[in-house]
Amino acid sequence: MTVIKKSAFDNQLIRVFSPKATRRDYLSNSPFAVVVYDYVQEKLVEDDFVVIDVSKACNTLQDFREVATSITSSLGRLMVQNEAGDTVVEVYDRQTGRIEDGARYHQTRQGGDIHTDSVNRPEPMLYLGLACAAPAVMGGESIIIRGREVYSVLQEQPEVIDCLSQEFFFEGRGMNSENSLFKIPILELKNGKASFRYLRSYIASAHDRAGEPLSEAQIRAFDILDCILEMSSYQHRFTLQPGQILFANDTATFHGRTSFIDGPVPGSFSDRRHMLRFWVD
């Protein structure tokens with residue numbers, strides 16, 4: 001049913017599903033669809049993230065969107081990601097400006113902060129799904145860092161753990177017009193496992209709005225956390241190809257991307273770097 005091939009990152013394996021599988025196989029509750037679901041769930045428990053390849057079952061962007069949506073929906077409830085009520089968000093460069101000038105990260109070609117996605121509502125989400133319809137001509141590497149490895153390093157700095165375990169202001173940016181503030185810890189231990197909620201620029205903005213700018217101790221803790229996240233020894237870097245889908249435990253992993261240059265890539269479902277983002281509750 002499947003073949004295995006090595007990817008270019010950290011000896012991980014990308015599961016390439018059989019060219020005999022059709023789009024309908026992924027959209028049904030067939031034995032094949034159950035195999036896909038079981039595999040993804042198993043890898044998320046073992047490794048915190050996984051990449052699968054469903055390209056052979058798709059001919060168009062709409063095909064790929066349907067397959068990616070079906071697989072992701074099998075993992076849980078698709079969350080609304082913005083005020084418009086979208087459960088699938090298109091990630092590509094709108095060429096409308098830079099992050100520094102107020103543009104949203106997913107609408108630019110910039111790199112941006114390494115972060116978790118569950119930062120704009122009080123309750124954490126389960127999984128992030130990122131489906132590649134087209135890679136960039138240059139750049140656009142995906143970056144994944146396991147939270148368990150970050151926490152292992154932080155244990156050498158107990159004062160940083162204490163700081164990150166306190167409640168910080170976050171904001172519901174993009175979720176509603178009120179952009180309301182709420183308070184949660186950046187780091188929690190749940191069943192002995194580290195759980196993170198972090199996007200530095202959003203947290204700093206929320207603290208400024210609340211009239212409580214980050215303290216020197218908090219800034220230092222963030223600097224140390226960012227330093228660990230930017231160390232190559234903890235980063236898993238890879239370039240998603242057309243038809244590949246990355247799934248990650250959102251609070252157990254950090255992620256980001258490198259900046260990129262757009263243009264058509266043969267075999268893609270779009271003429272520019274184009275991802276489909278899913279949040280699973």
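Tallying residues that are at pLDDT 80 or above and either open to solvent by 50 Å² or more (accessible area, probe 1.4 Å) or on the phi > 0 side of the Ramachandran plot (or both) within the stretch 7-24 yields 4.
Applying the set (1) open to solvent by less than 70 Å² (accessible area, probe 1.4 Å); (2) closer than 30 Å to Phe260 by Cα to Met138 leaves exactly one unmet item: (1). Scan the stretch 53-97 for residues that are under 22 Å from Ser118 (Cα atoms), open to solvent by less than 60 Å² (accessible area, probe 1.4 Å) and among the small types (Gly, Ala, Ser) and jot them down. Those that are under 22 Å from Ser118 (Cα atoms), open to solvent by less than 60 Å² (accessible area, probe 1.4 Å) and among the small types (Gly, Ala, Ser): Ala68, Ser70, Ser73, Ser74, Gly76, Gly85.
Only one of the numbered conditions (1) over 21 Å from Arg94 (Cβ atoms); (2) open to solvent by less than 30 Å² (accessible area, probe 1.4 Å) is violated by Arg257, and that is (1). From the list Ala248, Ala204, the one residue that fits, being without any contact (Cβ under 8 Å) to a residue 60 or more places away in the chain, aliphatic (A, V, I, L, M) and either open to solvent by less than 40 Å² (accessible area, probe 1.4 Å) or not in a strand (DSSP E or B) (or both), is Ala204. Can you confirm whether Glu230 is touching a strand residue (DSSP E or B) at 6+ places or on another chain (Cβ under 6 Å), surrounded by fewer than 21 Cβ atoms within 10 Å (Cβ to Cβ) and under 30 Å from Val45 (Cβ atoms)? Considered against the rule, which asks whether it is touching a strand residue (DSSP E or B) at 6+ places or on another chain (Cβ under 6 Å), surrounded by fewer than 21 Cβ atoms within 10 Å (Cβ to Cβ) and under 30 Å from Val45 (Cβ atoms), Glu230 comes out as no. Number of residues in the stretch 141-181 that are open to solvent by 60 Å² or more (accessible area, probe 1.4 Å) and not in a loop (DSSP other than H, G, I, E, B) equals 7. For the stretch 98-119, does any single residue satisfy the condition of being open to solvent by 50 Å² or more (accessible area, probe 1.4 Å), within 27 Å of Asn59 (Cβ to Cβ), assigned to a loop (DSSP other than H, G, I, E, B) and touching a helix residue (DSSP H, G or I) at 6+ places or on another chain (Cβ under 8 Å)? The answer is no; no qualifying residue exists.
The values are calculated or read from the model by the stated rules, or taken from the named source; none is laboratory data. Just so it is clear, the structure is predicted and the values come from calculations on it, not from any experiment. FYI the Cβ positions are ideal-geometry reconstructions off the backbone, even for glycines, and counts take in every protein chain you see. Please note that ligands, DNA and RNA were not included when accessible areas were found on the heavy atoms of the full protein model with its side chains. Shrake-Rupley method; radii C 1.70, N 1.55, O 1.52, S 1.80 Å.
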